[in-house]
Structures are given as structure tokens and as C-alpha cells.
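Enquirer: Just dropping this structure here.
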Amino acid sequence: MEPIRLVIADDQRLLRESLRTVIELEEDMKVVGLAENGQQACELVDELRPALVLMDVQMPVMDGISAIRKIRARHPAQPILILTTFTDDDYIIEGLAGGAIGYLLKDMDKANLFAAIRSAAAGRHMLTPEIATKLATRLSAMSKAAPLEMNAQKLKKLGLQFTEREKQIIALMVQPLTNPQIADTLFMSVGTVKNYVSIIYSKLGTSDRMQAVASLQELFSVDGD
């Protein structure tokens, strides 16, 4: 059976070399290329067409997320597995949305890493339990902040227009959530939320939160005309 051909992209030379040494102890795996940044990873994929790319996130010249998007644009079927130390929600969302087949952390044990490589090379999506939990939490928070469907006729009659971000804020204001709670849900600073709330107040012509929420509730389609 032909071994799984891998490209490793990581800006830490020692880690790249160590990963190659460990991986090549497995009879069914072979590291065919090493990259120290995302740009090199893109070039190696063009040249070598590996079965799988192990991609770090933060790297010089071109970061891993940008490299994933570029590779997937050129080679839509190319499996890319993120292997990093970073657990930031934005990295997880952007990496998977960009086309990565999985998101793993570098502190996982060798047996699980090898199993993940084999699964990813076979086309199966891979997430460590910690990453899966964070992803589920983020998606749940985003669903709670889904833009509300407002009555278009009422909006037009009152001359009101809200951006998608303002609608997300409104969706949480009417639950009702406080500014700090909204900030936590949308992963924004409290100051930024306050700025959006002030803009919403200004559009409604009020500075009172209870009055603002009452006015916003009247704009929902479900309340009728």
C-alpha cells in the first residue's frame, strides 16, 4: 500500500523536524515536504500534491488560514488538517470555513495524532474534544444572535434601517441581555457593544433602554402590521 504523503507547515524548525521524525516511524506515512510559512506550503502543494497537509495557524509571510484558502481555491479536494497550539474561536471558525478538514492541538498524544492523520487522509473530518466543544459553544452563541426578521413595511414607514451587525445586537437586546452579556455572546468588547447600542438608540430617537426594546419589539414581523 502506498504511504500517506504529507506536507508539514510550521514556522518552528525543531517542531517540523521532530514531527517528520515521529511520523516517518509509521510504515504507512511519509513526509514529502516541509514548509516554514503558508506561502511555502502553497508552493509545495502545487508541486507535490500530497495526500494531506498539516498546517499551523500563525506563521510569517503567509498565515495558515490564508494558506488554506489559497490551497483550496487551487485544489478544492486537497485535505488540510490544522495542527496548532492556538484555541482562539476565530481561528477555529475561519480555519474550518476556509476548507480545513479538521482542527487539532499539538499537545495530543502520538497515537491519536496518527489516527487523525489516517482519518483525515481518508476524507473524514477531525476535531479534538476541546475544539469541538468550543465550536459548538460559538455556533450556539451565533444562532442566538441571528438577525431578526422585521416588518419591512413598518421599517419603511418609520424610515428605519439597521445593518446586519445592528440586527445581531437587537436580537440580544430584546431577549433581554445586558451590554456585557451581548459582548460575551458576540465576542466583542463592551465598549464596541455600547457604541452599537448608542447608534440604535439614535435611530429610534430615544436614550432609554426599556423604551428602545419596546419599540424594537413592535417592529417584528410576528407582531403583524
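The values are calculated or read from the model by the stated rules, or taken from the named source; none is laboratory data. All values reported here derive from a predicted model rather than from experimental measurement. When we count neighbours, we look across all protein chains shown, and the Cβ atoms used for this are built from the backbone with ideal geometry, even at glycine. Heavy atoms of the whole protein, side chains included, go into the accessibility calculation; ligands, DNA and RNA do not. Shrake-Rupley method; radii C 1.70, N 1.55, O 1.52, S 1.80 Å.
Enquirer: Quick one: what pairs do we get from the stretch 44-56, first residue in the same structural domain as A120 (by the TED database), second hydroxyl-bearing (S, T, Y) and modelled with pLDDT under 95, C-beta under 7 Å, 6+ apart or different chains?
Expert: If the second residue must be hydroxyl-bearing (S, T, Y) and modelled with pLDDT under 95, the pairs left are D56/T84.
Enquirer: So which pairs qualify, if the first residue must be in the stretch 62-80 and under 23 Å from R118 (Cβ atoms), the second must be among the small types (G, A, S) and open to solvent by 10 Å² or more (accessible area, probe 1.4 Å), the Cβ gap must be under 6 Å, and the two must be at least 6 apart or on different chains?
Expert: Hits for this filter: I68/G98; I68/G99; R72/G99.
Enquirer: Oh, and also: For the stretch 7-32, how many residues are open to solvent by less than 40 Å² (accessible area, probe 1.4 Å), among the aliphatic types (A, V, I, L, M) and not in a strand (DSSP E or B)? First the steps, then the outcome.
Expert: Step one: list which residues in the stretch 7-32 are open to solvent by less than 40 Å² (accessible area, probe 1.4 Å), which gives 7-10, 16, 19, 23, 29, 31.
Pick out the ones that are also among the aliphatic types (A, V, I, L, M) and you get 7-9, 19, 23, 29, 31.
Applying the additional criterion that residues be not in a strand (DSSP E or B) yields 19, 23.
Residues that pass the stated criteria total 2.
Enquirer: Mind telling me which of the residues L172, L155, L177 ends up being in a loop (DSSP other than H, G, I, E, B) and open to solvent by less than 70 Å² (accessible area, probe 1.4 Å)?
Expert: Values: L172 fails: in a loop (DSSP other than H, G, I, E, B); L155 fails: in a loop (DSSP other than H, G, I, E, B).
Sole residue among the options that is in a loop (DSSP other than H, G, I, E, B) and open to solvent by less than 70 Å² (accessible area, probe 1.4 Å): L177.
Enquirer: R69 fails exactly one of the following numbered conditions: (1) over 22 Å from I131 (Cα atoms); (2) among the basic types (K, R); (3) open to solvent by 50 Å² or more (accessible area, probe 1.4 Å). What is the number of that condition?
Expert: (1)
Enquirer: Counting only residues that are part of a helix (DSSP H, G or I) and not hydrophobic (A, V, I, L, M, F, W, C), which one in the stretch 158-169 is most open to solvent (accessible area, probe 1.4 Å)? Break it down into steps so the answer makes sense when it comes.
Expert: Looking only at the stretch 158-169, we keep the residues that are part of a helix (DSSP H, G or I), and these are 158, 164-169.
So of that shortlist, the ones also not hydrophobic (A, V, I, L, M, F, W, C) come out as 164-168.
On the way: E164: 109, R165: 85, E166: 10, K167: 45, Q168: 45 Å².
Across the stretch 158-169, the extreme among qualifying residues is E164.
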